[in-house]
1. Quick check: the distance between the Cα centres of the range 397-453 and the range 1-26, to the nearest angstrom?
2. Relative contact order (percent) for the chain, with alpha-carbon contacts under 8 angstrom and 6 or more residues of separation?
3. Between the range 262-290 and the range 128-159, what's the alpha-carbon centroid distance in Å?
4. Expected output is a single nm value to one decimal: the length gained when fully extending between Ser237 and Leu48, i.e. 0.36 nm times separation in residues minus the C-alpha distance. What is it?
5. Just to confirm the filter: which GluC sites (Glu not before Pro) across the range 183-245 are DSSP coil and have at most 13 other Cβ within 10 angstrom of their Cβ?
6. Wrap a convex hull around the Cα atoms of the chain, take a quarter of its surface area, and give that in square nanometres.
7. When only Cα pairs under 8 Å and 6 or more residues apart are kept, what is the percent relative contact order across the range 2-106?
8. So if each residue of separation counts as 0.36 nm, and I subtract the Cα-Cα distance between Glu362 and Ser389, what length gain in nm does that give?
Amino acid sequence: MAIATPPGEGAIGIVRLSGPAVRTITKRLFRSRRAETAEGMVPYRLTLGSLHDPDSGRAIDEVMTVFMPGPKSYTGEDMVEFQAHGGRAVLAGIVGSSLAAGARPASPGEFTRRAFLNGRLDLAQAEAVIDLILSRSRGAREAALGQLGGRLSAAIGALCDSLGDMAAAVEATIEFGEDEGLEEPLPPAPIENAIGTVRELLAGEGEGRVLREGLQVTFAGRTNVGKSSIINILVNSSRSIVTPHPGTTRDTVESPLNLEGISALLIDTAGFGPPRDAVEEEGIRRSRERLITADLAVVVLDSSEPLDESDRDLLDSTRCRPSLVVLNKSDLPALVDAGEVRQLAQDRPVVETSAKTGAGLEELRRVLGRSARSLFPRPEGEDPILTNSRHADALRRTLAALERAKENLERQSPIDMLASDIRAALSSLGEITGETVTEEILDRIFSNFCVGK
Ligand SMILES: Nc1nc2c(ncn2[C@@H]2O[C@H](COP(=O)(O)OP(=O)(O)OP(=O)(O)O)[C@@H](O)[C@H]2O)c(=O)[nH]1
Ligand SMILES: [Mg+2]
């Protein structure tokens, strides 16, 4: 039993129960308005009634109740959900009465864990549930929904099938005693195909990281060019401090922003310039670090001051990376030749802005969105996207085992070795869908869930 809705006050608060005692407990708590008993409930249909304390009989709330008999329920067990008014005292009353009627509090993710243990979902799908709840952008949501629908599981399942056939052929050979090598060599195609598929899945890991952590967009430039002012406008808040003094931003400041359905993290950095103290020096070191690790770099220049060496260095050092150039302070008389900047920018977009008047900011938003899209072209494709580092880790071990298998096959090594490689690959794949997974890993996964899911 657990409250399934977020804490606080809301229109509706849901308490859900799952397990073999659900019918008995419901009978003790719920009175259908029409039948005056819980028996008036039709499975999977909402029934209006009231909840009562089992000891005193006192009413707690008017509720809608839905009874979902197993195995056709989320957990695969008998389940009931009470849709009550979403207030603290109401929900506390329902929880207290459920306990008195024989329920026990659920642990985090216990409903989904039971769904997994009862075969309603595999582990990758169960993990997609929490990803879906935590998703903050369309891309993340669609990837999680695809995984929940079994997209990744199907790809893993197909791999397991073909490797399973191969394993069976190898085991059969061992059984017939030909352990000194194969008379007729096994065809390498299934292993090569599997290696290709695993590599392809792993190639999508970068996209998955972007979905999970957001696209890192680092704004860099000299001090006082207006980096913080621009970011504040883009994220519509005064997240970074802005002052006329050079060296205002001394540490990196991160602000999340949704760029055309892709969640991004705009990173404001300490401006480049001669450091006046150890703090600024460390700030500049951090700026460089965030520039190196950025998915997208935004080079900000001040058009009201002549280009200097550090501007040119920055334009040059970001040339071969996904980056764009912003020429800020377009409201002031220009001392920078826009033509020269375009030339130094080469084929990168150059956007002229004024953080003071807001000119060019919409265009900058569009250009950022376009760059994000081009870095991350297929959030709505049909291919599974690897968003989970646990899955990536298991796939890397699968790949290593498959590569060993390929080598052993080519070298015509003793067939036992091949058999053990294929078994290792299958076992790593099984960790993803949960066929081969330890209790400890399950604990770790489900402890990230909220109570009530
Ligand atoms: N006229 C004009 N002033 C601007 C513009 N953008 C920023 N400023 C001013 O320039 C000064 C510096 O702006 P910031 O946004 O703090 O610049 P920064 O690049 O973050 O500076 P550091 O944090 O020191 O590296 C502030 O006084 C801003 O008001 C602009 O487009 N036009
Ligand atoms: Mg700043």
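The values are calculated or read from the model by the stated rules, or taken from the named source; none is laboratory data. All values reported here derive from a predicted model rather than from experimental measurement. Don't worry about glycine lacking a Cβ; one is built from the backbone with ideal geometry, like all the others, and counts go over all protein chains shown. Ligands, DNA and RNA are stripped out before the accessible areas are found, and what is left, the full protein with its side chains, is counted by its heavy atoms. Shrake-Rupley method; radii C 1.70, N 1.55, O 1.52, S 1.80 Å.
1. Going from one Cα centre to the other spans 37 Å.
2. It comes to 17 percent, rounded to a whole number.
3. The two parts, judged by their Cα centres, are 35 Å apart.
4. 63.5 nm
5. For GluC sites (Glu not before Pro) across the range 183-245 that sit outside H, G, I, E and B with at most 13 neighbouring Cβ atoms in 10 Å, the list reads Glu183.
6. With every direction weighted equally, the projected area is 30.1 nm².
7. Once normalised by length, the contact order is 33 percent.
8. The span from Glu362 to Ser389 would gain 6.2 nm if fully extended.
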